[in-house]
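Notes to accompany the following structure.
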Amino acid sequence: MRLSAFITLLVLLTARAVALDGEIRIHDPSTIVQCDGRFYTYGTGGTCLVSENGWNWQRGTTPPRRGMAPDLIHLGDRYLMYVARNVGAQPRADINLVWTKSLDTNSPTYKWEEAGVVASSDGAEDCNAIDPGLLLDPTDGKLWMVYGSYFGFIRLVELDPKTGLRKDTNAAPVNIAINCEAPVLIYEDGWYYLLATHGSCCRGADSGYNLRMGRSKKITGPYLDREGVDMIRGGGTLFAGSSERVIGPGHFGRLQLGDNVEKFSCHYEADLDRGGASVLDIRPLLWKDGWPVAGNNVREGTYQIESLRTGTALELAVEGMPVGGRRERRGGPGPGGPGGPGGGAPPSGGGGPFGGTGQPIPNQEVAKVSTNWPAGAIPLRMGNYLCQAHQKWNIAAVTNAGGYFGSPYFKITVANTDRALAATAEGEMTVLPAFTGAPEQLWQIDPLTDGTFRLTPKAIPGRSDPLALSAIGASFATLSRFEPVGNKHRWILKAP
Amino acid sequence: MTPRRFLSAPASFALAAVLALVLASAFVPTPTLRAAEGLATAPTLKPPATPEIIPGADGFIQRWLILEPIPTVGLTDNAVQAMVKKEHFPNQLTVLPKDGEKVTVAGADLAWHAVDTTEYNLNLFHFARALGKPTSNVLLWGVTVVNSPEEVKDVRLAIGSNAASVWWVNGTEVIGIYGDRQTVIDDGVSKRLTLRKGPNIVRCAVVNGGGAMDFCARFLDSRDAPLKGLSVRLTDAGGN
């Protein structure tokens, strides 16, 4: 994507967006997995959080084996949980495998089975065998586990994907990093990435937890950060740190939702808005220049919504009024003809035809330019963005309307009006005179991995096929099936 | 009885030429030939030489009947809409004229001209200039007939124009783009519509402020690719 768009996105996303809803207190959450349509994550002490949609969370059932910082992976017909325990004083610990065929406690196949120790540390060696992280290598189907916590090395061992146990118990673990914990490996486009948590945990708002990363062409390392420092010598480029009112992100988990939508889970050591509790969060996972980038979900506010494909922006199909009023083109009347309502040539500030008015021109007030807008539904179209009122859109979370993975549904209205963007039964777009909360007016706004956004209505009247907002022409938007390749469905949200 | 004689070679050629002209005139009206004299200087336009043409792989419609320019002013939404809603000549939203027919607009006789463009777009500046007509602050009407071998649903008309333009398919307004703008392929795109089996009348009104003026148009299928299988002629007779 264009650099300017990405920078704009990062500016928009540097602040925290809307937080998850419901019961989200947890420490050291596992990678989130899906089972029978529900999302599950497990944390230290056996905390289980469950969600139907990834937005509203509630407390689930604690598994029989409670321990520290579990990780979870779905392999075949089993859900494998790797969970650590101290065996005496740290750093003497081991990591155990337990598994079940369902995470749904109402399922007849919900039953945790013990499978034994997978890795351990004896209390003297340079490793603390806790905080496992799993990777099923998409290139060759091999299963790997990384583990470790501050004391000594982060280690890598190969597991048997059929049993979940060590493939070769005689094979020595490979040291790949040091002085960090909660390691996770992910693979993307020829690179293995090690994301690990640096800093101190468990001190509430005084926790220095932060997520750092390095990458390697081989799973066994070396994992170099963006400055070329090996993580086995303490390297690590910042992936996510504290921001606004959340402190200490740690315990990364990746979720690939398909169609270029990726998210990551983590916990914050302290959410100041929740009394300093340790809480779960889900955020967009973006990619830039071969490195993962931590994004945030959409932040409420006013935006211009620009198509990456055409460079034109969504607007209400009404006659726009230039900000500051119409002016004549140099040398005679402009092609737009004489000024319309509210127009008229602005006063000259001297300095010739390009000298401006000599004073700041205020933003356009929608109340002043909307007097001639039709009262009913108005078509949606696209045009060159000119800072006009009918081109500015307010994006706001809708309470009690549910959500999707990591985010609530949003309404999109012409800024400072109640005119709401909506899908029609014909699979086209319209702008209704008022927001009613109907599903076709609720929008799922997914950050794509390149930092652009996909906009999808929650439902389309009389249709079941999922359609996303599409810039089919430079001046026209419609709804059509999302195409991961190409720019038709990619939108940039810019602060106007 | 006079012995039968074969024509000499020169005479055969002359007869063949006359026959060719007669045959050509059967489907290319003589006014086009007259118009072609003026339009011959238009570098991208030529008179139709066949009863119908098939759009290329990119689907652009390259045969149109264009009415000589009507003076006007204004490119804004309201100005253009008011302009096309005003009756300039009888049945302006339904008529399917013939090449060379004339209408009277504000006391001036204006002629329809059948033209093929050699490009993806139809250059109205070339058109007006070749005829010695104004190119600034003008409205030009265009119409063509697109024949479809079958009914096709979820089709879109996709156009670009310099400058503003309004478009109709089978009498229904489907696109309006306004303001001082340049032609961009698929700038204005209609909502999903259905093409009838047989002739479908596509009509446009292009309004220019000054400088270059042109337009392009094609139909897109349900996957946004150029619609295949269409042919273009300037009469609604003889369709499928």
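Tabulated results
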{"read-out": "Residues being more than 26 Å from A:G383 (Cα to Cα) and either away from chain B (no Cβ under 14 Å) or open to solvent by less than 10 Å² (accessible area, probe 1.4 Å) (or both) - total across the range A:460-475", "value": "3"}
{"read-out": "Selection status of B:L65, part of a loop (DSSP other than H, G, I, E, B) and buried (at least 16 other Cβ atoms within 10 Å of the Cβ)", "value": "no"}
{"read-out": "Any hit, the range A:350-369, residues being open to solvent by 40 Å² or more (accessible area, probe 1.4 Å), within 36 Å of the chain's Cα centre (by Cα), farther than 23 Å from B:V174 by Cβ and among the aromatic types (F, W, Y)", "value": "no"}
{"read-out": "Filter result for A:A172 (open to solvent by 50 Å² or more (accessible area, probe 1.4 Å), under 30 Å from the mean Cα position of the chain (by Cα) and among the small types (G, A, S))", "value": "no"}
{"read-out": "Test: residue in the range A:482-491 that is in contact (Cβ under 8 Å) with a residue 24 or more places away in the chain, surrounded by fewer than 19 Cβ atoms within 10 Å (Cβ to Cβ) and more than 14 Å from chain B (Cβ to nearest Cβ)", "value": "yes"}
{"read-out": "Residue list for the range A:445-467, restricted to those being over 18 Å from the mean Cα position of the chain (by Cα), hydrophobic (A, V, I, L, M, F, W, C) and assigned to a strand (DSSP E or B)", "value": "A:I460"}
{"read-out": "Tabulated pairs, the range A:148-172, first more than 15 Å from A:N96 (Cβ to Cβ) and assigned to a loop (DSSP other than H, G, I, E, B), second open to solvent by 50 Å² or more (accessible area, probe 1.4 Å) and hydrophobic (A, V, I, L, M, F, W, C), C-beta under 8 angstrom, 6+ apart or interchain", "value": "A:P161/A:L136"}
{"read-out": "Residues that are assigned to a loop (DSSP other than H, G, I, E, B), open to solvent by less than 30 Å² (accessible area, probe 1.4 Å) and away from chain A (no Cβ under 12 Å), drawn from the range B:206-217", "value": "none"}
{"read-out": "Residue, farthest from the other protein chains (Cβ to nearest Cβ), within the range A:408-428, restricted to residues that are buried (at least 22 other Cβ atoms within 10 Å of the Cβ), in a strand (DSSP E or B) and in contact (Cβ under 8 Å) with a residue 24 or more places away in the chain", "value": "A:P408"}
{"read-out": "Test set (1) away from chain B (no Cβ under 14 Å); (2) open to solvent by 40 Å² or more (accessible area, probe 1.4 Å); (3) closer than 27 Å to B:I159 by Cα - A:P439 fails condition number", "value": "(3)"}
{"read-out": "Residues of the range B:46-89 classified as within 14 Å of chain A (Cβ to nearest Cβ) and closer than 20 Å to B:F127 by Cα, total", "value": "3"}
{"read-out": "Hey, A:R309 assigned to a loop (DSSP other than H, G, I, E, B), open to solvent by 20 Å² or more (accessible area, probe 1.4 Å) and at pLDDT 95 or above or not", "value": "yes"}
{"read-out": "Positions within the range A:201-221 being of a type outside the set (D, E, K, R), assigned to a loop (DSSP other than H, G, I, E, B) and surrounded by fewer than 19 Cβ atoms within 10 Å (Cβ to Cβ), in sequence order", "value": "A:C202, A:G208, A:T220"}
{"read-out": "Unique match (being at pLDDT 95 or above, touching a Ser or Thr at 6+ places or on another chain (Cβ under 6 Å) and not aromatic (F, W, Y)) among A:R226, A:R254", "value": "A:R226"}
{"read-out": "The range B:69-98: number of residues that are under 12 Å from the mean Cα position of the chain (by Cα) and either buried (at least 23 other Cβ atoms within 10 Å of the Cβ) or free of Cβ contacts under 8 Å to residues at least 60 places away in the same chain (or both)", "value": "1"}
{"read-out": "A:F453 over 26 Å from B:A225 (Cβ atoms) and either more than 14 Å from chain B (Cβ to nearest Cβ) or in contact with a helix residue (DSSP H, G or I) (Cβ under 7 Å, 6 or more places away or on another chain) (or both)", "value": "no"}
{"read-out": "Strands (runs of 3 or more DSSP E) lying entirely in the range B:90-205 (those with 3 or more residues that are within 19 Å of A:L380 (Cα to Cα) and away from chain A (no Cβ under 11 Å))", "value": "B:164-169"}
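The values are calculated or read from the model by the stated rules, or taken from the named source; none is laboratory data. Predicted model only: the values in this text are computed from it and were never measured. Note that each Cβ is placed from the backbone with ideal geometry, even for glycine, and that neighbours are counted across all protein chains shown. Side chains are part of the model used for accessible areas, which takes the heavy atoms of the whole protein and leaves out ligands, DNA and RNA. Shrake-Rupley method; radii C 1.70, N 1.55, O 1.52, S 1.80 Å.
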